[in-house]
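Laboratory data are not the source of any read-out in this text; all were calculated from the coordinates shown. No experiment lies behind these values; they were computed from the predicted model shown.
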């Protein structure tokens, strides 16, 4: 049975950031969140026109847009992510829920960002980690027993096929053994980082819960930079197994908003708790990926 949302959630005390809201299920998640009357809902957008369209969509859908703001942020630019975080800390200074939902899928090619990093590695893994680390102190200061903090990463079922190759994290040396391999690798990185983050905050007795969310297979704009046979195969696969986008958005929100889900670092497949890739049982790999990722961000002078 598909999970269902309680329509009575009250988010009037919550400040929320949701990335990846201009397309796909993120757009629906934004609309639903806005309907729960958040204290403030910040929606980062790389494309200003898409951001404005998103705001109009929310207004026309439920009318609850007074506390919704579109801010510029490009995950393919680490300095831009840092500038977003600094602006948020200075101007808002309060955060209770962070949804790292944005992502990109590139098939059978290597595209570099201005930071000289493979675009999936940066957009899907490194930039969301940077955003989370930069905002972590703000979350810690904002939360309480009555108003706990929540950090969520949207993952993917492809994480089951992901590989962690420390000699090729940047996905440059033969990472593409199939149309989803590079993407699967970064989605597995999401799993590992979230699990490791759950230990970091738990060890400090923080009132913060982390979530891994697999919404289901949905037709989105995820692979908009792809073309040719790989894009055709991707679309064919999606059409065979896809679920309605509305249900995918509910699958993202349900674990985070349900008050009974208090155990941190859990993976939810279509709203139901499941076990992810077995590599999460390897503590050495988990800690090494965290440390290496932090070091890359330090090398880029981001943290």
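Structure notes:
- Stretching residue 6 away from residue 274 to a fully extended chain increases their span by 94.3 nm, per 0.36 nm per residue minus the current alpha-carbon distance.
- Ratio of Rg to Rh over the stretch 1-130 (Cα coordinates, Kirkwood Rh, two decimals): 0.99
- Out of every Cα-Cα pair that the stretch 15-299 contains, those further apart than 24 angstrom amount to 47 percent.
- Every helix of 4 or more DSSP H residues in the chain counts as -39500 (n - 2.57), and over all residues that averages to -13500 deg cm²/dmol at 222 nm.
- Spatial separation of Cα centroids for the stretch 104-176 and the stretch 1-66, in angstrom: 22
- Contact order relative to length of the chain, as percent, for alpha carbon pairs under 8 angstrom and 6 or more apart: 19
- Fully extending the segment from residue 52 to residue 282, taken as 0.36 nm per residue of separation minus the present Cα-Cα distance, adds 78.4 nm.
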